[in-house]
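Contents: one structure, followed by commentary.
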Amino acid sequence: MNTKTYNHGVPWEEAYGLTQGYCVNNTIYISGQFSHDLHGNFVGEGDFETQARQTLKNLDYVLEGFGVTRSNIAEMEIFLTNPQDHFEQCVVLFKEYVGDHRPAGTLIGVSGLAFPHQLIEIRAVAHTD
């Protein structure tokens, strides 16, 4: 079995025992991405668009780590803490992000995420071929 991992290099990856992306047999499983810079600092507290854009940027970093692009995404799951307020803006940003590519997608409203100021988290599955 051929496996490969990718990490952003932030301190909490080791502390929590996870990897940002795990590729096995040409399928990439991407951990939930959220709004942090590459030093692990949270970005955009209280600002949905800033958080969403940084989250998508972090998703891009994982894809790049495996040498693929957004067009390799097969499925995305988006978690929102306040879907009533952020649904429409999320759809606009999602469509801007994927362009003409149409991956499978799920949007889930949740009562909370890992950090109290976190408004969005995105996990994905992609392929390398």
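Only the coordinates and a few stated rules stand behind these numbers; no lab work does. Keep in mind that what you see is a predicted model, and the values were worked out from it rather than measured. When we count neighbours, we look across all protein chains shown, and the Cβ atoms used for this are built from the backbone with ideal geometry, even at glycine.
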Taking every DSSP beta bridge with both residues inside the stretch 1-112, roughly what % is antiparallel (nearest 5)? 60 percent
For the chain, what does -39500 (n - 2.57) per DSSP helix run (n ≥ 4), summed and divided by total residues, give at 222 nm, in deg cm²/dmol to the nearest 500? -10000 deg cm²/dmol
Entry for Rg and Dmax of the Cα atoms in Å (calculated from the structure that is shown) out of (1) 14.1, 44; (2) 16.2, 51; (3) 18.4, 60: (1)
If neighbour count is taken as other Cβ atoms inside 10 Å, put Ser31, Ser111, Ser71 in order from fewest to most. Ser111, Ser71, Ser31
Spin-label point model (7 Å from Cα, Cβ direction): what's the Arg102 to His117 distance in nm? 3.9 nm
Placed amide H near Ile28: partners under 5 Å, 5+ positions off or other chain: Ala126, His127, Thr128
Extension gain from His39 to Tyr61, taking 0.36 nm per residue of separation minus the Cα-Cα distance: 6.6 nm
